[in-house]
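What follows is one structure encoded as structure tokens, with my remarks underneath.
The values are calculated or read from the model by the stated rules, or taken from the named source; none is laboratory data. Note that the structure is predicted; figures quoted are calculated from it, not measured. Cβ placement follows ideal geometry from the backbone for every residue including glycine, while neighbour counts extend to all protein chains displayed. Surface accessibility is based on the protein's heavy atoms, side chains included, excluding ligands, DNA and RNA. Shrake-Rupley method; radii C 1.70, N 1.55, O 1.52, S 1.80 Å.
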Amino acid sequence: DVKVTQSSRYLVKRTGEKVFLECVQDMDHENMFWYRQDPGLGLRLIYFSYDVKMKEKGDIPEGYSVSREKKERFSLILESASTNQTSMYLCASSLYKAGSNHQPQHFGDGTRLSIL
Amino acid sequence: AQTVTQSQPEMSVQEAETVTLSCTYDTSESDYYLFWYKQPPSRQMILVIRQEAYKQQNATENRFSVNFQKAAKSFSLKISDSQLGDAAMYFCAYRGYGNKLVFGAGTILRVKS
């Protein structure tokens, strides 16, 4: 089974802090994703990565950055945390197959982040 | 841009009965995939079922089946013989060209014993 591990289930930080959310997958997947989940809005894509050192902006990248130095690890960075970034953050990974976009995404347990 | 709409914020079903969750989407692409994901309370999101747009036959996975109406851009999920363990948030999702998923807002399903 694919295992996507997020480093923290719950995290409390202060406004202005630099926050790191870590995600590791163990199935050698090329694709990795960061979403935030808010009530009534579903999941919205923040950033994704197709390969090491590659990243692309999703739908709501403002206030976030990412890092992918190794294939198995994808980090989400809140440069200067603000209260409107209080949310559930979900990491996902999927396999890349040329000519096939039906590979499902596998999700981590999520990190519930509170910014005070 | 593609959008996915789940018009039912919450649904309830009696144990052993059948429930249908609605999903509509908007796209101009001709080739795409649709998914239903389940997120139990405080647990990991998992894939329930997927449908390729080019296939006319509706996908089925045990008690879960879909009603895919391509012309109407509708993709509903039917859960038969509902069980307590089916209680969760259900998300409909779309993927066209590329690897990006577009999610609906979700439907909370409550199962009554």
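Summed for both chains, how many Å² of accessible area, to the nearest 100, are buried between B and A with a 1.4 Å probe? Write down the numbers at each step before the final one.
Numbers: alone 6500 and 6650 Å², together 11220 Å².
About 1900 Å² of accessible surface is lost on pairing.
The chymotrypsin sites (Phe, Trp or Tyr not before Pro) of segment B:6-112 meeting both criteria, a DSSP state outside H, G, I, E and B (loop) and at most 12 other C-beta atoms within 10 angstrom of the site's C-beta, are B:TYR54, B:TYR97. When chain A is described by a simple charge dipole with +1 on each Lys and Arg Cβ and -1 on each Asp and Glu Cβ, the residue from A:ALA81, A:THR5, A:PHE33 located farthest towards its positive end is A:ALA81. Report, in whole Å, the centroid distance computed from the Cα atoms of segment B:1-45 and segment B:46-113. If we compute the Cα centre of each part, the gap is 5 Å.
Within the accessible area of the protein assembly as shown, what % is carbon and sulfur when the probe is 1.4 Å and the other protein chains stay in place? The C+S portion of the solvent-accessible surface of the protein assembly as shown is 47 percent.
Accessible area per residue for segment A:1-83 in Å², computed with a 1.4 Å probe and the full protein assembly in place, what is it?
Working: 4440 Å² over 83 residues.
In whole numbers, segment A:1-83 has 54 Å² accessible per residue.
Normalising by the residue count of segment B:1-45, find the relative contact order in percent from Cα pairs under 8 Å and 6+ residues apart. Taking the mean separation of contacting Cα pairs over the length of segment B:1-45, I get 38 percent.
Candidate cross-link partners of B:LYS55 among the aspartates and glutamates, defined by an alpha-carbon separation under 16 Å and a same-chain spacing of 8 or more, comprise B:GLU29, B:ASP31. For segment A:46-116 versus segment A:1-20, the spacing of their alpha-carbon centroids is 11 Å.
Between A:GLY110, A:LEU95, A:GLY16, the Cα set farthest toward the positive side of the dipole of chain A (charges on each charged residue's Cβ, about the Cα centre) is that of A:GLY16.
A straight Cα-to-Cα reach below 18 Å connects B:LYS78 with the aspartates and glutamates B:GLU10, B:GLU15, B:GLU17, B:GLU52, B:GLU61, B:ASP86, residues fewer than 8 places away in its own chain not being considered.
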